[in-house]
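In what follows, a single structure is set out as structure tokens and then discussed.
The values are calculated or read from the model by the stated rules, or taken from the named source; none is laboratory data. Quick caveat: nothing in here was measured; it's all calculated off a predicted structure. Neighbour counts run over all protein chains shown; Cβ positions are idealised from the backbone, glycine included.
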Amino acid sequence: MKKGLFVVFVISVFTQIAAAQTIKTGVLVIGKGDNAIGSGFQSAISGVKTIMLIQAADLVVTPQDKNVSSGLESLFLKKMRLAKGISDSLSKVYVDETSANAVLKTWSDSTKNLTVLRNVKWSRIKRSGNNWNVLLEDGRTIKAEVLVNADGSGNVTEALALKGAVKKQWQPLNYSDNLYRGSVSAGYWVNNSNANVILLDSFLLPKQENLVVLNPEDESFAGGQAAGATAAYAVFFRTKTSLSVLKSIQKELINHRLSVMPFADILHDDPNWKSIQFVGLSGFLKASLVKGLANFNPEQEVTTAEIKAPLKEFYYKAQIWFDDYKEANMTLGAVLNMICMVGNKSPETTKAEVQKRWVSRYHFKNEFDLNRNVTRREFAVLVDEYLTPFDVNIDKSGRVIR
């Protein structure tokens, strides 16, 4: 009897030791650069238990002054200014390694769902079904549902036999097709331009389920943030990365103030930033691409020619409306008339609502005048508010699904 109890006791002890040596998490991010920082923080912020595995004492932050800063990058720079006593929110701040790591440590310590393991090396990475087991040199094992490869050394890529499979990610904003509608991040400075975007599919590899891969050639908070949201989506909704829903991930990122369109002249704290991002994705109003910048030109007047084709693509009734409208420019009255016809809304009620919200909600500076030509800013806000083009489904090529 005593011998039997002893055996049970020993088994129980070893079971507890094994459990103590196994760390379970939703998302595991391996890396120490901007890609890893963006991924780890966004995954945790999106509500998923996340571990950042850093095989060094410190993180490495690269210069960011030429990016179209938004999302976590803007928040990080704000924290850096506060740490250095800089009150001007638009002034540049020098990001030195010591201060950056102090800011990141304080930030990570206060971020729910985020655990940072520093100076911890892994020895082996292997699959467990669609999930991952990562063996650490100290004997522990991390069991993760999704792995984010943000490792700049190439060791993770080599261990997973992915050499040559990692895709180019940052690419120029291009209106020659509709692929830009699949953007999940924007504004990183590369090849003398920040008019660049990342498409969701560039993070995912064929036959590599629940693996999100970042290209180590381009370290960015913005790219990492999009990758983190993609990884978190699979865990949060208990699905596979191959089944990621583009619109859900885009909306999550925009809600966390990450630009998915690289408009250099629309700052992240602009009161109409979100509407301009949503309408920018639709292609109703396209950026002017000049000297490496994508400018939205918010105060420029809207022409009928620039919005006619994309609106007709999105809405059946827009085809009828534009067949009857012959003016070269869009007045405020014409925009409201079009919105009411396409969106089945009451003209009088809509006009009264817009007039009431003109300053208090929309923060417009021009007068409410139905005969005045509408600006791109005003058009974007009104169309986003009343026609919600972001809710229209598209396929992987960016074409509207009827």
Within the range 93-124, residues surrounded by 12 or more Cβ atoms within 10 Å (Cβ to Cβ) and without any contact (Cβ under 8 Å) to a residue 60 or more places away in the chain come out as V93, V95, D96, S99, A100, N101, A102, V103, K105, T106
Of those in the range 326-340 that are under 33 Å from the mean Cα position of the chain (by Cα) and assigned to a helix (DSSP H, G or I), the residue nearest to E385 (Cα to Cα) is I339
Of the residues in the range 86-120, those that are more than 21 Å from Q55 (Cα to Cα) and either part of a strand (DSSP E or B) or at pLDDT below 95 (or both) come to I86, S87, D88, S89, L90, S91, K92, V93, Y94, V95
Taking D109 as the residue in question, decide whether it is among the acidic types (D, E), assigned by TED's automatic domain parsing to the domain that holds K240 and farther than 30 Å from A161 by Cα. yes
Restricted to the range 62-75 and to residues being assigned to a loop (DSSP other than H, G, I, E, B) and touching a Gly at 6+ places or on another chain (Cβ under 8 Å), the residue nearest to E97 (Cα to Cα) is T62
If we take the range 208-298, then helices (runs of 4 or more DSSP H) inside it with 1 or more residues that are among the hydroxyl-bearing types (S, T, Y) and surrounded by 18 or more Cβ atoms within 10 Å (Cβ to Cβ) are 221-236, 273-282
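Conditions tested, residue by residue: (1) touching a strand residue (DSSP E or B) at 6+ places or on another chain (Cβ under 8 Å); (2) on the phi > 0 side of the Ramachandran plot; (3) among the aromatic types (F, W, Y).
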site	(1), (2), (3)
P347	no, no, no
V354	no, no, no
W358	no, no, yes
N366	yes, no, no
R372	yes, no, no
Y386	no, no, yes
Filtering the range 185-199 down to residues that are crowded, with 23+ Cβ neighbours inside 10 Å and touching a Ser or Thr at 6+ places or on another chain (Cβ under 7 Å) yields A186, G187, Y188, V197, I198
Within the range 165-177, the residues that are surrounded by fewer than 19 Cβ atoms within 10 Å (Cβ to Cβ) and in contact with a helix residue (DSSP H, G or I) (Cβ under 9 Å, 6 or more places away or on another chain) are A165, V166, K167, K168, Q171, N174
